[in-house]
Structure formats: C-alpha cells, structure tokens
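Remarks on the structure that follows.
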Amino acid sequence: MSCSPLSLAANIVSHGEVVKKERGGYFLSSAGQLSLSNKFGHLSLLRSSQVSMRMGRKEIAHRHIFASMTDVCLETSSNLPKGASWSVHKFGGTCVGTSKRIQNVADIIVNDFVEQKLVVVSAMSKVTDMMYDLIYKAESQDDSYISALDDVYEKHRQTANDLLDGSDLAKFISQLHEDISNLKVMLRAIYIAGHATESFSDFVVGHGELWIAQMLSALVDKLGVPCNWMDTREVLVVNPTSSSQVDPAFTESSERLEKWFSQNPSKTIIATGFIASTPQNIPITLKRDGSDFSAAIMGALLKASQITIWTDVDGVYSADPRKVSEAMILKTLSYQEAWEMSYFGANVLHPRTIIPVMKYDIPIMIRNVFNLSAPGTMICRVPVNENGDGESLESLVKGFATIDNLALINVEGTGMAGVPGTASAIFGTVKDVGANVIMISQASSEHSVCFAVPENEVKTVAEALQSRFHQALGAGRLSKVEVIPNCSILAAVGQKMASTPGVSATLFNALAKANINVRAIAQGCSEYNITVVVNREDCIRALRAVHSRMFLSKTTIAMGIIGPGLIGGTLLDQLRDQASILKEEFRIDLRVMGIVGSTKMFLSDVGIDLSRWRELQKEGAEEADIEKFVHHVHGNHFIPNTALVDCTADSEVANYYYDWLCKGIHVITPNKKANSGPLDQYLKLRALQRRSYTHYFYEATVGAGLPIISTLRGLLETGDRILRIEGIFSGTLSYIFNKFVGDRAFSEVVAEAKQEGFTEPDPRDDLSGTDVARKVVILARECGIKLELSDIIPYDSLVPEPLRMSASAEEFMQQLPKFDEDMTIKQQEAEARGEVLRYVGVVDVVKSEGQVELKSYKKDHPFAQLSGSDNIIAFMTMRYKDQPLIVRGPGAGAQVTAGGVFCDILRLATYLGAPS
C-alpha cells in the first residue's frame, strides 16, 4: 500500500506491513526492514543489525535493518561517437553559486560552437556543505534539520524562479518538491536511528548536483540549444577502495554510457558531477572536490579533445597567491607537475583527476568563468617551452606548494644500521595506527629515519613507536624516538628539474640567504620534486624566498628608509631615478616598503611610489613607531630579503642593529655611532655578521662615497699588513682649510661652508673633531685594533674653549670672529714654512694608536693639493711601503654620501644573487 512521507516513520515500527513507493522512495519488508528503494537498487539506512530507535517517548529495541541490493542488466550499443568532436566542460560550485552566475554559465555553453559537448556541474556554492549538515543534525537528533532542509528548498526554488518560466519552471518545482519531501522522510529515519551509513549519506548529499543539472539543462534548452541532462549515477561506475578514494570501472562505465546515449541522443549534455554508483548500483560520491574527477572520467570515456575546468581564478599559480602576492599564472603544466602540486595542497585539481586523461593525452584547461579574456593554464603531457629555445633556470621550476601543521618524527640509533626490517617495523607501526606519512627522509648511514605526519596524529604515532621499540630503546639499540613539532613542508615542483644541475643549489641558496633553517630534505629519483621541511613560523618566508629567486627579478629586496632628511631624501630620489633601469637591465628589484622619520612614518604593502614619496609621506603619514615600522618592512609582505637603511646619526637607532641582524634583516648605514661606539657592542655586532648570512654594510661611514672600507678590507683579506692610515676624513674641514688662505678670516670661511651646506646645522659638530675621531676609531677597529673613542681624547678641537657651551649655533657663529686671531697665527706660521694646514686623522697600526690633529704639510704633499670638499686617505702597508696607496675624491655632500649608501645597497643585491 502507499505511504506518505509524513506517515513513514510511524510505519517503520509496524510488523509485517509492506510500504511501497514507486520512485525514489522506501519499502518496509515483512520482517520490518527499512531500506531505500530506487532505480539504482536497494540501500540500507543503517549498517548495524541491532539499533535502538526513539519515537516520541517510546523505545523500540533490537530492530533489525539490512541492505537489499539488485544488479542492473545493461544493454550496450555502439552508436555513441567518440573522439575529437567532443569537448568536456566542468563548472564548480562558485561558478553556479547564484542565478546570475548560472545564467553566465549557460551563455558560455551556448556560445561554445564545438560539435558536441558534455558539461559537468557541481552543486551550487555551499549546498554540499548544507546537505552534509542536514545529515549531521539528523544524526544528532537536532530538530533544526527540518528548517535547514526548508532553506535548501527555498534556495533552489528562488534560483529556478529567476532562471525559468512556464512549463520548465513548473516541472522543476514539482520535481524539487517531491525530492524535498522524500529527503524529509529519509532524514526523519536518520533522526530516529541516530546514525546513517556512508552510502545513505552519499545519496542525500548528491541531490545538489541533480538540481543544478536539471535547472541548467532547462535554461540552455530555453536559450535555443537542445540538450539533455544526465544523472551520472546511471553511467559512472566506481569501486570504493577506502573511505576517501574510489577507482573508476571504465569498461562497465563505457557500456552504460553507450546505453544512456542510445536512449538520450544529444549534442549537448549537462551531467552531474561528484556522484556515481557502485557495481551493485548503490549511489556513491567521488568524495570532496570530486566533480573534477567526474569530468576527467567522462572525458576519458568520450576520448574528448579537451577538458576545460572552469573556476574562479585565472589559472594555476606558481605559488599560493594568499601567501605570495606576486605569484603568477603558469601558461602550461605537465601532467606530472600538476599531479605533484595537487598532492602538496596547491589549488590545482582534484589529485586523481590527472589519471583518466593521461592515457589519451587529453589536455586540461583551467579557466576563469569570471574573466573570459584570461588564457588560463593548460595541463598536458609535454608543455611547450615557454621561454623559447634558451632554457633558463627559472623555467625549470614550475611552482611551489606548502603543507602546514605537520610534525617530524625522528627514529635514531646505531642499532638501526644494516639491520633488515627496521624501516618495515617503523612504517608498519605507523600503518597500524592509521596515520598518514607525508614525507620520508633517511641518510645513507641508516643511523636515523625521519618522516612527517599530520600534527594531530603525531602523539598517537610517537606512543605506538615507543611501545613497539620499547625493548630496543631500553637496550640502547635505538637512542630515541623524537618528535619535532610545528613544522611545514615546502615543495618545489618542475618536470624539467630532472637531470639539470644547479636547481637544488639555487633553492637552498635562496633559503640560506633568507636565514631559513632546513630540518629535513627529500627528493625522489624522478627529480620532479624537491621537498624540504622548515619550521612553521618560517614557512611563508621560505616560500617567498624561493619564489622570489625563481620567478621575480633575480634579487628582490624590501627596504625601510630611516631618516628621510638630507641624505635619506637624496637616496630616495636616487632610487627613484634608477629603479626601473636596475629592474629591467640588472634584475634587481628594490622596493621601499616604509619611510620613518623622527615623528612620522609612511608604510606601504606593495612598495612606495618614489616619484611621489614626499607627497605620500605627508598625506598618509602616521605616528612614528620604530618597532611597528620594522615589523611591517620585514614580515608583512611577499619579499623574503629585507634591508633597513639608517640614514640618521642617531645612536639609539644604531643600538637596534644587533637585534635586526639576529632577525635576518640586512643593515646599511652611513651612521658612525654603531662602529665607533662601545667596543664590546661593536665586537658583538661584527661577530654576529661573520657567522650569519645577514649582511651589515657601512662604507659611507668613512669618506662618504669613497671606497675606503672596501679598499682596506681588500688589502687585509689578500694578506697585506697595514702599517699606517693617514687622511683627511672630513669633507667639511677639507673645504674649510682649502678656503682658509691669504687674508681670509677663519670665521668667514666657516660661515661660507655652513651656507653652502657642507657643515652640520651646528658647525661645532664638525669643528670639534669628533666626527674625524669616530672615523679613526672605525678604521682602527677594521685593522683589528681594539680602540675606544676615549682612547684618542684629547684631540685637537677647533671650537674655542669659551664657545663650546654656547646656547645655540647662531650664538656660536656670532661669537666665532672674536677668536679668529689664534687660527690666523697658525695659518701664517705654516705659510711662512711653505706649508698648509690640514685637519687629519691617523691610525698607527704598529703602535695601536689613533690621533686626530691639526697638522701642516709641504705644498707638494698630496694632502696639500686638495680642492673643495675632497677627502684623501693614504694607506701605508707592507706592499705600499715606499709609495702609499691613495684614495681621493669628494668626501662631503648629500649626493656623494647617498651615492655611497646606494653602492652598499647594490653590493647587498650582488651578495643575494644579483648578477655582478
């Protein structure tokens, strides 16, 4: 007798009554067995033979529920054309998420002029989750499953109202209403039992695909393209191999497809994705993201010319764009590359999608349904060379992928070496607890084996191994079973990496220069994949480092400029003028991510437009915060290499250098305070620099843009012995004494130098000699002399004693003429001897001393032949004993000092891999 959905639950408890429903309904056997009956056969609601069900306040105990299944006998025909005339399209849930998007999909189908096409569709966006939630609520005996099912009904009813009309709309709404009524009965039964089998759940969740296929088919037909819709449970046959995997039965599926086509001939077919049947005709799903798999199987069955996977991105990215904002779309991928990237979590395809199409060399196109102008990514057997005839290293690596939330387990002991079966015992134990091994690494010494597992499984695995090897650990044959938590995997994938020297070197070089520690390494003999394990907190930085090295300019550096004053502002202008040339011709990409002054700062996520940096700093400035500034520049973007450029003369900023270098931040500065400050801090800074991959450059601290530091290092590193360094190190004082000739007053020359911008705002900072003394200390320390600034005091100060405590620079300049006489006498005495006055610094390496003094030199001496603000430094060494090595050139001014800093930036780029 017939049974309405609302009365089914009451009939479940009836003994000996048979409830029949012709389509997609239920039957109750004479033994009280509850089953789902449909055209695919019979499907049990529960796996258990004895269940206790609650109905209202009554308990029904020990009710037996069994499965009853029937086989389907198929007739086959050969009238289905196969081959290049077919193309397959697959549209994901986001593509059909709204009525507007479904209309857009219909337009794409109608405008595709291939001879025959099969379109695979997923359920509307979020519907599959909604269906799973229905089952969960019903199993939890949560009454809200009823209202949740009403939401599902309303979502599809409203969508159909937007797209269809007339008889098409009436037919769909009628079918939808019937399906929803049946689902209410099914869910009520689950609610009563408190459990549903996996096969029953698969049947419920597959309705989302059924509804969208029916709607889209009616819409395409309405637009003038005749088509049929296919319930792929009638065609696709798969064999479950595990709870998360199925294998297609191609022979039986092909037979069923031919039968279906003989009954429904059409040049346009809208097919359901995600769902299929077992050989026993039990509905099943292809598991999460299975619609891609459906499209691949159908493409293989039809031997289609191409499969197009329509999604919401422009193609396959070289890395996760959420982690690397400059990830780029790849034009082509090989099947193997796509396979590897899918395994490692890249949003490419369902991992098993590749298998069915490889046999027939069917290319897969990844296209953006919302951006039809984007060419997408082609996945095929052998991609064409994207870079022409010349292979570059960068073209060998196609992409990078990561897996987070992993832990390493390291099994170690001398008793493992040469003992057969150790690895089998280890991984047999892991298998027994049902854990998934992501990566394995073993050294040839066989002393240790390490492998990665998901972090939520590591405790179980470790405990199982401790138990399994309890005796070996106690006897000392194994020394430890160690867990290393908080790890991530980074994988580099590329088919052309195979047999190509240098790829691994480039990868590890990029990681080293980004200060990334590698915990474990694995590479298969196919060489398609290089896998490294890094600390989780380093994963994104590691990904950015290797991606930057392979895909961006050869060297990309994020920079923060501290102190946009005279020197810093000039440097920013020089960067602005040269940036495009460096990027295009030398592949050096310099990104200024932030500028900070004493009170204000301006930050950018992608790089400041240096053509407008002054305007932007005023418009978008926020209160200066050095810690926030450093965090932004170093850790808040996609560039792995970070450099902070300190253009101040601030000792407080210099005190941060050590911490910045510890964090892997490169430091470049003309600020003398760090290298001439307390000796212990200097030695600590240099020791850190020497033992790390982080660089500290300070050429401009001595001689502005002149190569003083680099020349000295070149002499020392090639084995020369420095005897004495003597020079005019102050461009300001060089200018003053070059102009202090004839009848000119000393104060007049100082005023002129201040007006020309050669002095500090307060000229006493130059005339005191402290600046020269700091440079002497810096050079002495470079030579290995442990000299403090106090060790060369007293030194000759050109500031008259009474004026050293003047209230302001203005007051000092007003009072200075009163003391001209002393300087005039010294100048005249030197002139009488045929000499000139020069303010010099001396490093006497033999005596381990430093001096700063006003000396006179014969007019034929190199120091007497300077002009303007030139500096001159003479190196007397064992090689240059008779004739000193002399470096001479402009030693003051914003342009040359900023130029010296710029040279250090480019030197850093060279160290990081830029072509020299």
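The values are calculated or read from the model by the stated rules, or taken from the named source; none is laboratory data. No experiment lies behind these values; they were computed from the predicted model shown. Here the Cβ positions follow ideal geometry from the backbone for every residue, glycine too, while neighbour counts run over all protein chains shown. Surface areas here come from the heavy atoms of the whole protein model, side chains and all, with no ligands, DNA or RNA. Shrake-Rupley method; radii C 1.70, N 1.55, O 1.52, S 1.80 Å.
At a glance:
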read-out: Alpha-carbon Rg/Rh ratio, for the range 220-261, with Rh computed the Kirkwood way; value: 1.17
read-out: Eligible lysines near LYS583 by straight Cα distance, threshold 18 Å, same-chain separation 8 or greater; value: LYS554
read-out: Cα gyration tensor, the range 472-574 - rounded (a/c under 1.5), prolate or oblate; value: oblate
read-out: Convex hull (Cα only) mean projected area of the range 457-510, reported in nm² to one decimal; value: 6.5
read-out: Radius 12 Å from Cβ of ARG536, net charge of other residues (Lys, Arg +1; Asp, Glu -1); value: -2
read-out: Reachable lysines from LYS618, criterion Cα separation under 23 angstrom, eight or more residues apart if same chain; value: LYS600, LYS628
read-out: D_trans [Stokes-Einstein, Kirkwood Rh over alpha-carbon pairs] for the range 567-669, 10 °C, 1.306 mPa s, µm² s⁻¹; value: 111
read-out: Solution diffusion estimate, µm²/s, Stokes-Einstein, the range 298-383, Kirkwood Rh from C-alpha pairs, 10 °C, viscosity 1.306 mPa s; value: 122
read-out: Proximal charge balance of ASN405 [Cβ under 12 Å; K/R count +1, D/E count -1]; value: -2
read-out: Bins of 10 Å from zero: percent of alpha-carbon pairs in the range 619-741; value: 10, 34, 32, 16, 6, 1
read-out: Spin-label zone in the range 853-885 - amide nitrogen under 19 Å from a point set 7 Å from the Cα of GLU752 along the C-beta vector; value: 864-871
read-out: Approximate spin-label separation GLN681-THR414, in nm, with each point projected 7 Å along Cα-to-Cβ; value: 4.9
read-out: The range 571-647, dipole about Cα centre (Lys/Arg Cβ +1, Asp/Glu Cβ -1), debye to the nearest 20; value: 80
read-out: Neighbourhood charge, 13 Å Cβ-Cβ cut-off, centred on ARG352 and excluding it, Lys, Arg +1 and Asp, Glu -1; value: -1
read-out: Nonlocal amide H pairs with ALA520, under 5 Å, H built at 1.01 Å; value: VAL533
read-out: Label-point gap, in nm, between VAL846 and GLU627 - each point 7 angstrom along Cα→Cβ; value: 5.3
read-out: Relative contact order (%) - criterion: Cα under 8 Å, at least six apart; region: the range 741-826; value: 39
read-out: Accessible-area composition of the range 101-164, carbon plus sulfur, in percent [1.4 Å probe]; value: 45
read-out: ASN371-SER808 FRET efficiency (beta carbon distance; Förster radius 51 Å; 0.05 resolution); value: 0.20
read-out: Whether the range 209-320 is rounded, prolate or oblate, judged on the alpha carbon gyration tensor where a/c under 1.5 counts as rounded; value: oblate
read-out: Semi-axes of the equivalent ellipsoid for the range 808-892, Cα gyration tensor, largest first, Å; value: 29, 16, 14
read-out: Accessible area (Å², 1.4 Å probe, nearest 10) - ASP577; value: 100
read-out: Relative contact order, percent, the chain [alpha-carbon distance under 8 Å, six or more residues apart]; value: 8
read-out: Binned Cα-Cα distances of the range 397-485, short to long, each 5 Å bin given as a whole percent; value: 3, 14, 26, 25, 16, 8, 4, 2, 1, 0
read-out: Added length on full extension, which subtracts the Cα-Cα distance from 0.36 nm per residue, GLN471 to ARG288; value: 61.6 nm
read-out: Long-range HN-HN contacts of TRP229 with modeled amide H, under 5 Å; value: ILE270
read-out: Principal axis box of the range 509-649, alpha-carbon based, largest edge first, Å; value: 56, 34, 26
read-out: Backbone HN-Hα couplings from phi across the range 759-773 [Karplus 6.51/-1.76/1.60, Hz, Gly and Pro as x]; value: 9, 5, x, 10, x, 4, 4, 8, 5, 5, x, 4, 4, 5, 4
read-out: Prolate/oblate/rounded call for the range 779-857, Cα gyration tensor, a/c under 1.5 rounded; value: oblate
read-out: The range 550-603-the range 845-880 distance, computed between alpha-carbon centres (Å); value: 36
read-out: Rounded to the nearest 20 debye, dipole of the chain from Cβ charges on Lys, Arg, Asp, Glu; value: 2220
read-out: Taking N as its residue count, the alpha carbon Rg of the range 676-762 over 2.2 N^0.38 Å; value: 1.50
read-out: SER244-THR910 FRET efficiency (beta carbon distance; Förster radius 56 Å; 0.05 resolution); value: 0.65
read-out: DSSP bridge orientation in the chain - percent antiparallel, rounded to nearest 5; value: 65
read-out: Estimated vicinal HN-Hα couplings, Hz - the range 507-523 in sequence order (Karplus 6.51, -1.76, 1.60; Gly, Pro = x); value: 4, 6, 5, 5, 5, 5, 6, 8, 6, 9, 8, 9, 8, 7, 9, 8, 8
read-out: Full-extension gain in nm, LYS359 to THR460, via 0.36 nm per residue minus C-alpha separation; value: 32.4 nm
read-out: Using a Förster distance of 25 Å, the FRET efficiency for ILE146-SER174 (Cβ separation, nearest 0.05); value: 0.75
read-out: Taking the convex hull of Cα positions in the range 78-199, its mean projected area over all directions (nm²); value: 10.0
read-out: Placed amide H near ILE284: partners under 5 Å, 5+ positions off or other chain; value: ALA276, SER277, THR278
read-out: Added length on full extension, which subtracts the Cα-Cα distance from 0.36 nm per residue, GLU831 to SER85; value: 258.5 nm
read-out: Long-range Cα-Cα pairs in the range 869-916 (distance over 18 Å), rounded percent; value: 54
read-out: The range 629-724 - percent relative contact order, Cα under 8 Å, separation 6 or more; value: 22
read-out: Percent of alpha-carbon pairs separated by more than 55 Å within the chain; value: 37
read-out: Fraction of the pair-distance distribution of the range 545-590 above 14 Å, Cα-Cα pairs, percent; value: 56
read-out: Under the Debye formula (equal points on every Cα, no solvent term), log10 I(q)/I(0) of the range 74-146 at q = 0.14, 0.16, 0.28 Å⁻¹; value: -0.67, -0.75, -1.17
read-out: Lys/Arg +1, Asp/Glu -1 at C-beta; the chain dipole; positive extreme among GLY597, PRO375, GLY731; value: PRO375
read-out: Projected label distance in nm at ALA745 and ALA443, using a 7 Å step from Cα toward the beta-carbon; value: 7.8
